[in-house]
Amino acid sequence: MVPSWSYCLLPCAAFFFASVQAQPDTDSECELAKAEILKTWSLKELRDATARSRAARSTANSADVNCPSECGWCDFIAEWGQVEVTSDIPYGRAFNQELDEEEVLYMDQYLVHQGQDGFKYKPVMIVIHGGAFLKSSTKTSNWAPTVSKYFAMYGFHVVSLEYRRYGEYCRNWGTSGCPEIMYGAPVHDAMAAVRYLVKNNASLAIDTSKIALFGCSAGGLTLTHLMMMNYGEGDSGNPGYPSAVHAGISLSGGYWKSTMWKYRKTAVGSIPPYMAIHNTGDWIVSYDKAESAIELAQELEASNYLLSLSGNGHCPNVIIPGSADYEFDKVVGFLVNSLRLCNEVIVFP
């Protein structure tokens, strides 16, 4: 039986799939996918380009506070070719309603041997790919591998998730269980991934008190729902371990306030630090979806930061030093604050 509340999600799903019908794979529209140029840069070039971008932005706007260069986490420790990738690590199992069978859930791991000075255990970055919940978009397509390598080059233990995607299945609103499984299943799978990491923290040499999420488009929507909605723990694997995360960065994500508001968390302090990055003219996921998420974070007194960009593209390229949309100093600064990676507290404008 389909829960009665599922039908209130139809306007949200209809909007998302209107975009999908116009563009078969919204993940391919992400400007972030252009960031592969980083693979050609040496460590010195990466650091020099970051320093130039940091100086230029500070000169342009003295109130534009970036991650301080004296904090080790604010700079690269490795280059592209030094990132080692381990593919298809099983982290859980879950029932796939469309296939009518159990599905194994996989993650890819991105690591460098180097570590930040003074840190025996690495903080964790979980990357959740986008793509309108369509099966055509995966953890290995478009921007997800690039962003995963990028965070690894800063010293994070990075995993990129595959999760159940019901985009095509739920195009028919009358399909049993839709559209709630389209939103709930990815959240439950991501929570299982967190539990897997906690369960295996000793062998992975990770600090499970410092787990962050990053996602673009559907990935940003998924992490926002994980942090701000009450979906329960699900049954995607690793029961008995905590699924708490400690920071989330949504790029071109958010949520639909008109349909999801009644399922939000209501307890003050229940939402971890949350950052939203969004183009004001985004034509696929409109800017007000980020505003709605920030509004809820503020209501529940969560640390929050809305980084508004003036373009109209989807998933803007915020990570390449020197690019028009470069804002990664703020991304890392947010993580430094939220995960307590450096002693200095950065005050955002």
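A short reminder: the numbers here are calculations on the coordinates, not readings from a lab. As the structure is a computational prediction, the values presented were derived from the model and not from experiment. Cβ atoms come from the backbone with ideal geometry, glycine included; neighbour counts cover every protein chain shown.
Neighbour counts of other C-beta atoms within 10 Å: give me PHE334, PHE76 arranged from fewest to most.
On the way: PHE334 25, PHE76 22.
The most exposed by this proxy come first: PHE76, PHE334.
With 24 Å as the limit, write out which pairs from LYS265/LYS330; LYS120/LYS199; LYS149/LYS330; LYS122/LYS199; LYS122/LYS330 have Cα-Cα distances beyond it, or answer none.
LYS265/LYS330
Give me the distance in nm between label points sitting 7 Å out from Cα along the Cα-to-Cβ direction at GLU84 and LYS39, one decimal.
Once both label points are built, they end up 2.0 nm from each other.
Once label points are set 7 Å from the Cα along Cα→Cβ at both THR175 and GLU101, what is their separation, rounded to one decimal in nm?
1.8 nm
What percent does the relative contact order of the range 23-339 come to when contacts are Cα pairs within less than 8 Å and at least six residues apart? Provide the component values of the computation, followed by the final result.
Details: 688 pairs, mean separation 60.7, N = 317.
Across the range 23-339, relative contact order equals 19 percent.
What does the extension gain come out to for SER270 and GLU70, with contour length at 0.36 nm per residue minus their alpha carbon separation?
68.8 nm
Can you pull the one-decimal nm distance between simple spin-label points at THR140 and SER303, each 7 Å off the Cα toward Cβ?
3.7 nm
Rank these for me by crowding, THR224, THR86, THR50, going from fewest to most other beta carbons within 10 Å.
THR86, THR50, THR224
Suppose R0 equals 51 Å. What FRET efficiency, 1/(1 + (r/R0)^6) with r the Cβ-Cβ distance, do ASN200 and SER310 give to the nearest 0.05?
0.75
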